[in-house]
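This report concerns only the one structure given below.
Each value in this text was obtained by applying a stated rule to the coordinates, not by laboratory testing. Keep in mind the model is a prediction, meaning the values are calculated, not measured. Cβ atoms come from the backbone with ideal geometry, glycine included; neighbour counts cover every protein chain shown.
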Amino acid sequence: MSEDDSKYPDRRGDNRRTALKSGRIVHPKGSIECKIRNISEGGARLDLGTPQLLPHTFELHIPGMPVKHCSLRWAKDNLVGVAFVSDPQ
């Protein structure tokens, strides 16, 4: 961490674990394959491979895990950040 990094505290409350798992984003208009780059109790960073338009809410299917209901938080190029929500809207 550089000296400048200390000016910007991490606002995420959960510890993130690096992950290199495959997943699938599922929404009413279709599905998109993705890679999970990191994951925590509250959310994840996903790599879509190429920039994609996503709805604000969708399901994330990860083999061996329960389906996660997600809310899109940010997107930059082919990466997106999602928050896991308990009550899908």
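If the chain between SER86 and SER71 were fully stretched, how many nm would it gain, using 0.36 nm times the residue separation less the Cα-Cα distance?
4.4 nm
Testing the spin-label approximation: label points 7 Å from Cα along Cα→Cβ at ASN78 and GLU59. State their distance in nm.
Simple spin-label model gives 2.6 nm for this pair.
Starting from the Cα-Cα distance between GLU41 and LYS29, subtract it from 0.36 nm times their residue separation and give me the gain in nm to one decimal.
1.6 nm
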